[in-house]
Amino acid sequence: MRKTRFALASLLAAVVMALVATPAAAQASASSELINQLNGKLMYVAIPITVLVQVILLYTVIKFRNSERALPTRENRRLEITWTIATAIILLFVGVASYGVLANENITHQGNDIAADNDPVVVTAEAYQWGWNMYYPEEGNFTTGNKIVIPADRPVYFQVTSTDVIHGFHVPKLGLKQDAMPQSTNTIKTVAYEEGTYQGYCTEYCGVAHSQMYFTVEVVSGDEYESWLQEQKAANSDSSESSSNSATATNATASNTTAANASQ
Ligand code: CUA
């Protein structure tokens, strides 16, 4: 009894510790930061529970290994109340911690509204069989094929859609994932922190070239982004006719490294 109480008390202490501790490692984006921190917190809860269960299991197996026959257990109301309360506290902690993350704008963006605050960047990610056309609707709607360039430390909204079947927009390192549905748009939001190139994938099985539906997200500094934007706009106005043609050309060959607009 005393041992069990001690074990439950240690478990509760670990949960309280998890509430206080937050891993401070540098994160690539606001979304991945939230996800990884939640994952870390849940690990603090999961590890002591795993250890407790394994210890009880081993203890039971060793202690009763020579028992001739099983004896009926007797009711222990205090123990039952203790573990019911302990479980409730753990579940409450998991629920509150998860809900806080799920409700965050950088995890679940409600509807398709784009908050005008903080000068947001808007990218339309349009999937097709089998590739991506990324557009910048706020900047003249030029397309960059399967490459996205975004500035660090600025809110970015991705409007994810599809021209044919269901695809999936997924950038694991940035903590981004959203379904690409035909005839509808799902918006997700993040703020990227770390400059660099991130790999994106299609995550819904969508036909023979599904596994080649890659794209990249390049996170650059604010200045680099502005000059890149000016280049894109200039190139687009020079060849608006040819670019609109190549943007709609759904090239169904396996290699989508040849972007719809390789010239850009
Ligand atoms: Cu598109 Cu899988």
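The values are calculated or read from the model by the stated rules, or taken from the named source; none is laboratory data. Please read all numbers here as calculations on a predicted model, not as lab measurements. Cβ: placed from backbone, ideal geometry, glycine included. Neighbour counts: every protein chain shown. Keep in mind that these areas ignore ligands, DNA and RNA; they rest on the heavy atoms of the full protein, side chains included. Shrake-Rupley method; radii C 1.70, N 1.55, O 1.52, S 1.80 Å.
Residue check: ILE47 meets all listed conditions (1) in contact (Cβ under 8 Å) with a residue 60 or more places away in the chain; (2) within 40 Å of the chain's Cα centre (by Cα) but one, namely (1). Would you call ASN256 within 15 Å of the ligand (Cβ to nearest atom), modelled with pLDDT under 90 and not hydroxyl-bearing (Ser, Thr, Tyr)? For ASN256, the condition - within 15 Å of the ligand (Cβ to nearest atom), modelled with pLDDT under 90 and not hydroxyl-bearing (Ser, Thr, Tyr) - is met.
Being of a type outside the set (S, T, N, Q) and modelled with pLDDT of 95 or more is true for just one of VAL217, VAL191. Which residue is that? Step through it out loud before you land on a result.
Values: VAL191 fails: modelled with pLDDT of 95 or more.
Step by step, each of VAL217, VAL191 is checked, and only VAL217 is of a type outside the set (S, T, N, Q) and modelled with pLDDT of 95 or more.
A quick yes/no check of all residues on (1) in contact (Cβ under 8 Å) with a residue 40 or more places away in the chain; (2) hydroxyl-bearing (Ser, Thr, Tyr):
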{"residue": "GLY175", "(1), (2)": "yes, no"}
{"residue": "ALA180", "(1), (2)": "yes, no"}
{"residue": "ILE188", "(1), (2)": "yes, no"}
{"residue": "THR197", "(1), (2)": "no, yes"}
{"residue": "GLU204", "(1), (2)": "no, no"}
{"residue": "GLN212", "(1), (2)": "yes, no"}
{"residue": "GLU218", "(1), (2)": "yes, no"}
{"residue": "SER221", "(1), (2)": "yes, yes"}
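Scanning segment 134-169 for residues that are part of a loop (DSSP other than H, G, I, E, B) and either away from the ligand (no atom under 12 Å from the Cβ) or of a type in the set (Asp, Glu) (or both) turns up GLY140, ASN141, THR144, GLY145, ALA152, ASP153, ARG154, ASP164. From the list SER162, SER98, which residue is assigned by TED's automatic domain parsing to the domain that holds ILE35 and in contact (Cβ under 8 Å) with a residue 24 or more places away in the chain? Of SER162, SER98, the one residue that is assigned by TED's automatic domain parsing to the domain that holds ILE35 and in contact (Cβ under 8 Å) with a residue 24 or more places away in the chain is SER98. Checked against (1) open to solvent by 20 Å² or more (accessible area, probe 1.4 Å); (2) under 24 Å from GLN230 (Cα atoms); (3) in the same structural domain as GLN178 (by TED's automatic domain parsing), ALA152 passes all but condition (1).
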